[in-house]
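Chemist: Dropping the structure in here first, questions after.
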Amino acid sequence: MNKQKLRKCLSLFATGVTSIVSFKKLTYTGITVNSFSSVSLNPPLVMWCIDKKSSSLKSFLSLKNNYKIIFLANSQKAISNKLAGSDNIFDKVFCDKIVKKSLGYLDCAIFKKYDAGDHYIIVHRVLKFKTFTKKKPLVFFDSKYKN
Ligand SMILES: Cc1cc2nc3c(=O)[nH]c(=O)nc-3n(C[C@H](O)[C@H](O)[C@H](O)COP(=O)(O)O)c2cc1C
């Protein structure tokens, strides 16, 4: 199968963009993710996929609790780009800033992890959530942000 053509085909499925953050004591690690999906309401489960080659892999697999999944608003392109790069370690103050401008967030624990090809599927249990209405989502389509 032609991987480039498959990647192009998959990019035609429009998604929102999330910042997934794990934190241990004062250190917050973030990653930009569009593989997020809701899974179950009872119990409340969501999932996303992480590349096995990600330099942040350990931060997202070694903790049981302390995960935040933040739904980015269309004003947060710069945050999405930052957390897709190597400048992805920050503090609580910066995390609170991301949350404040977002559409909402989920506080999560790890539920299960599955091996899936070159990625792991991480399933989280949602412990708490908050929504901020009247904002537009950041949308990713055809490998570009959509205005
Ligand atoms: C819009 C967007 C969506 C992304 N979605 C995912 C994803 O679902 N899973 C993933 O592992 N990486 C995803 N990435 C890539 C990561 O954000 C990040 O760039 C990559 O893990 C960097 O790897 P490194 O830390 O090893 O350099 C996405 C990047 C962008 C810009």
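Please treat every number below as a calculation from the coordinates, not as lab data. Note that this is a predicted model, so its numbers are computed, not measured. Cβ coordinates were reconstructed from backbone atoms using ideal geometry, including for glycine residues, and neighbour counts include every protein chain displayed.
Chemist: Could you please tell me the mean projected area of the C-alpha convex hull for the range 15-137, averaged over all directions and given in square nanometres to one decimal?
Modeler: Values: hull surface 28.8 nm².
Averaged projected hull area, Cα only: 7.2 nm².
Chemist: Ok, one more. Run a plain Debye calculation on the range 103-147 (Cα atoms as equal point scatterers, no solvent) and give log10 I(q)/I(0) at q = 0.20, 0.27, 0.31 Å⁻¹, rounded to two decimals, same order as the q list.
Modeler: Result of the Debye calculation: -0.90, -0.88, -0.94.
Chemist: May I pose another question? Net charge around H119, counting only other residues with Cβ within less than 10 Å of its Cβ (Lys, Arg = +1; Asp, Glu = -1)? Walk me through the numbers on the way to the answer.
Modeler: Numbers: positive: K52, K53; negative: D51, D115, D118.
Around H119, the surrounding residues sum to -1.
Chemist: Based only on other Cβ atoms within 10 Å, what is the fewest-to-most ordering of C49, C108? List each step's numbers first, then the result.
Modeler: Numbers: C49 18, C108 24.
Taking fewest neighbouring Cβ atoms as first place, the list is C49, C108.
Chemist: Going by how many other beta carbons lie within 10 Å of each one, how would you line up R7, R125, fewest first? Each step should come with its number before you reach the end.
Modeler: Numbers: R7 10, R125 18.
Final ranking by Cβ density, sparse to dense: R7, R125.
Chemist: Which semi-axis lengths, in whole Å and largest first, follow from the square roots of five times the eigenvalues of the Cα gyration tensor of the range 1-57? Before the final figure, lay out each step's value.
Modeler: Working: eigenvalues 124, 64, 21 Å².
Largest first, the range 1-57 gives 25, 18, 10 Å.
Chemist: Suppose every Lys and Arg Cβ carries +1 and every Asp and Glu Cβ carries -1, with no other charges. What dipole size does the range 75-115 come out with about its Cα centre, to the nearest 20 debye? Before the final figure, lay out the partial values.
Modeler: Details: 8 positive and 5 negative charges, 30 e Å.
Roughly 140 debye for the range 75-115.
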